[in-house]
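Student: To start, I am sharing the structure in question, which I have written as structure tokens.
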Amino acid sequence: MPLQIVHHPDYDAGFAVNHRFPMSKYPLLMDTLRARGLAGPDALNSAEPAPASWLKLAHAADYVDQVISCSVPEKIEREIGFPVTPRVSLRAQLATGGTVLAARLALRHGIACNTAGGSHHARHAQGAGFCTFNDVAVASLVLLAEGAATNILVVDLDVHQGDGTADILANDPRVFTFSMHGDRNYPVRKVASDLDVALPDGMGDAAYMERLAATLPELSAKAHWDIVFYNAGVDVHAEDRLGRLSLSDDGLRTRDDMVIRHFRAQGIPVCGVIGGGYSMDVPALAARHAMLFEVASDYAR
Ligand SMILES: [Zn+2]
């Protein structure tokens with residue numbers, strides 16, 4: 001069976017091409033996956049919007065209602081970075097439902113990936129930093145509520161610290177949150193994860209892989225994980241507009257392989273989400289996001 005991929009055309013909320021958030025990376029990612037033969041009908045699964053009851057497991061009920069009814073206060077919209085229009089609201093519900101579906105597919109097949117997700121700055125009270133709902137936190141809490149998982153590990157390698165995920169989950173003993181990120185990157189005020197590794201500006205492939213290789217066994221030793229959520233943000237790349245690290249394309253591929261191989265070798269299901277990426281060269285950006293799927297497909301059975 002090919003790698004199971006969760007997708008929806010409305011992950012793309014159709015922002016202007018010069019918007020600070022490169023929304024066109026979503027359709028371009030799908031084009032890339034199709035071109036590489038990864039998006040056949042036996043691979044693609046359609047995301048459905050997460051119902052409010054799921055979203056409220058991770059977020060304040062008032063905020064969830066505001067997003068669904070597109071009545072988010074302007075002050076919060078400014079923190080998110082865009083107004084919550086009907087398309088943005090739908091996109092947030094779909095991306096979150098997509099990560100829940102990808103997690104279920106990962107439990108069934110060993111590995112699955114969402115072509116969106118990794119909205120790790122959304123905290124309990126509200127969204128922030130281009131993140132409306134925290135899909136990984138919602139999916140974790142849905143699996144726990146359903147009894148589909150007992151011990152969950154979040155491996156967040158986006159260049160930005162996973163402050164929202166930590167805000168929602170760091171005090172939940174059932175979920176271990178790990179974030180490895182650029183120390184001087186957004187957010188200025190970090191929220192402590194269960195384990196944070198803060199990296200200096202400009203760190204390149206070799207030093208990065210060394211830190212990662214040293215940390216993965218530490219994570220495995222903590223518990224028997226029922227599932228790992230892997231945020232494969234590509235904003236660690238040297239050409240990213242927002243990130244301060246200096247990974248190469250080869251480095252990204254090595255990183256993804258290192259993480260997936262590590263957990264799959266122990267039979268632990270891996271649910272991949274794409275996380276951040278902010279290069280102005282959107283085709284190059286989409287190709288970088290596609291690496292997660294290319295690497296993951298080597299581990300699908
Ligand atoms: Zn990021």
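Student: With the requirement that a residue be among the aliphatic types (A, V, I, L, M) and in contact with an Asp or Glu (Cβ under 9 Å, 6 or more places away or on another chain), what does region 16-29 give you?
Tutor: Met23
Student: Within region 257-266, is there a residue that is open to solvent by 50 Å² or more (accessible area, probe 1.4 Å), more than 14 Å from the ligand (Cβ to nearest atom) and of a type in the set (Gly, Ala, Ser)?
Tutor: yes
Student: Report, ordered by the first and then the second residue, all pairs with beta carbons closer than 8 Å, sequence separation of six or more or different chains, a first member in region 215-229 that is farther than 17 Å from Arg261 by Cβ, and a second member that is open to solvent by less than 40 Å² (accessible area, probe 1.4 Å) and of a type outside the set (Val, Ile, Thr).
Tutor: Cβ pairs passing all conditions: Lys222/Leu153; Lys222/Phe176; Ala223/Leu153; Ala223/Phe176; Asp226/Leu143; Asp226/Ala149; Asp226/Pro269.
Student: Having 1 or more residues that are surrounded by fewer than 21 Cβ atoms within 10 Å (Cβ to Cβ), of a type in the set (Gly, Ala, Ser) and at pLDDT 95 or above is the bar; report the helices (runs of 4 or more DSSP H) wholly within region 1-82 that clear it.
Tutor: Where helices (runs of 4 or more DSSP H) fall fully within region 1-82 and carry at least 1 residues being surrounded by fewer than 21 Cβ atoms within 10 Å (Cβ to Cβ), of a type in the set (Gly, Ala, Ser) and at pLDDT 95 or above, they are 25-35, 52-58, 61-68.
Student: Could you tell me how many of the residues in region 219-237 are surrounded by fewer than 16 Cβ atoms within 10 Å (Cβ to Cβ) and more than 20 Å from Ser140 (Cβ to Cβ)?
Tutor: Qualifying residue count for the region: 1.
Student: Can you find a residue in region 138-151 that is open to solvent by less than 10 Å² (accessible area, probe 1.4 Å), under 27 Å from Asp240 (Cα atoms) and either in contact with a helix residue (DSSP H, G or I) (Cβ under 7 Å, 6 or more places away or on another chain) or in a loop (DSSP other than H, G, I, E, B) (or both)?
Tutor: Scanning region 138-151, I find no residue that is open to solvent by less than 10 Å² (accessible area, probe 1.4 Å), under 27 Å from Asp240 (Cα atoms) and either in contact with a helix residue (DSSP H, G or I) (Cβ under 7 Å, 6 or more places away or on another chain) or in a loop (DSSP other than H, G, I, E, B) (or both), so the answer is no.
Student: Give me the residue from region 180-197 that is within 14 Å of the ligand (Cβ to nearest atom) and touching a residue at least 24 places away in the same chain (Cβ under 8 Å) and, out of that set, most open to solvent (accessible area, probe 1.4 Å).
Tutor: Arg184
Student: Continuing with this model, one more query. Got a number for residues in region 115-174 being within 16 Å of the ligand (Cβ to nearest atom), of a type in the set (Ser, Thr, Tyr) and more than 20 Å from His7 (Cα to Cα)?
Tutor: Residues that pass the stated criteria total 1.
Student: What pairs come up if the first residue lies in region 114-139 and is more than 19 Å from Lys75 (Cα to Cα) and β-branched (Val, Ile, Thr), the second is away from the ligand (no atom under 16 Å from the Cβ) and open to solvent by 10 Å² or more (accessible area, probe 1.4 Å), and their beta carbons are under 7 Å apart, counting only those six or more places apart or on different chains?
Tutor: Short answer, once both residue conditions are applied: Thr115/His7; Val138/Trp54; Val138/Leu57.
The values are calculated or read from the model by the stated rules, or taken from the named source; none is laboratory data. On a predicted model such as this, the values are computed, not experimentally measured, just so you know. FYI the Cβ positions are ideal-geometry reconstructions off the backbone, even for glycines, and counts take in every protein chain you see. Only protein heavy atoms, including side chains, enter the accessible area calculation; ligands, DNA and RNA are left aside. Shrake-Rupley method; radii C 1.70, N 1.55, O 1.52, S 1.80 Å.
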